């Protein structure tokens, strides 16, 4: 069985964006495209309605490219458990109010049993200083958290 990967919104964003002049962002774009082309078929991919909603924002042409990249990616179900865990993450990690959707991404991936949560959001999701607290809250709620990582970390077998 292939591992399950939840794609947070930054993945389709970096995948479909025009090449950046910023060196770091350009590197993220390159890694994302390389992962998408060489490794994504080794995983079962999933998103949530929150990813679709976020990917729909902004420039209409860019939004269309983001959404097209997700055409065949199934949506995970939302449940009361997702919202309860997200609330727990907001209060116990704690995450700032502006990270409410980030807590939902973590909760959706966790409650739905994803093996990985793939993201470039290193402020509130793939943040080494928050990771142990995120994992602890997920376990306190009775779930095994996914491995939160960037495409760079899933490029190699």
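A few comments on the model shown:
- Of the residues making up segment 69-89, those that are over 13 Å from residue 125 (Cβ atoms), part of a helix (DSSP H, G or I) and in contact with a helix residue (DSSP H, G or I) (Cβ under 7 Å, 6 or more places away or on another chain) are 69, 81, 82, 85, 88.
- Restricting attention to segment 43-62, the residues being assigned to a helix (DSSP H, G or I) and either closer than 22 Å to residue 107 by Cα or within 17 Å of the chain's Cα centre (by Cα) (or both) number 7.
- Extreme residue, farthest from the chain's Cα centre (by Cα), among residues of segment 144-156 that are assigned to a loop (DSSP other than H, G, I, E, B), surrounded by fewer than 15 Cβ atoms within 10 Å (Cβ to Cβ) and free of Cβ contacts under 8 Å to residues at least 60 places away in the same chain: 156
- Total residues in segment 1-16 satisfying the condition of being part of a loop (DSSP other than H, G, I, E, B), farther than 13 Å from residue 149 by Cβ and at pLDDT 95 or above: the figure is 2.
- Subset of segment 37-66 (residues that are out of contact with any helix residue (DSSP H, G or I) (no Cβ under 9 Å at 6 or more places or on another chain), touching a residue at least 40 places away in the same chain (Cβ under 8 Å) and more than 16 Å from residue 6 (Cβ to Cβ)): 38
- Qualifying residue in segment 102-109 (condition: under 20 Å from residue 2 (Cβ atoms), within 17 Å of the chain's Cα centre (by Cα) and modelled with pLDDT of 95 or more): yes
- Evaluated against (1) out of contact with any helix residue (DSSP H, G or I) (no Cβ under 7 Å at 6 or more places or on another chain); (2) buried (at least 16 other Cβ atoms within 10 Å of the Cβ); (3) at pLDDT below 95, residue 95 falls short on exactly one condition, (1).
- Residue match in segment 125-143 (condition: closer than 12 Å to residue 7 by Cα, part of a helix (DSSP H, G or I) and out of contact with any helix residue (DSSP H, G or I) (no Cβ under 6 Å at 6 or more places or on another chain)): no
The values are calculated or read from the model by the stated rules, or taken from the named source; none is laboratory data. No experiment lies behind these values; they were computed from the predicted model shown. Every residue, glycine as well, gets a Cβ built from its backbone with ideal geometry; the counts of neighbours run over all protein chains shown.
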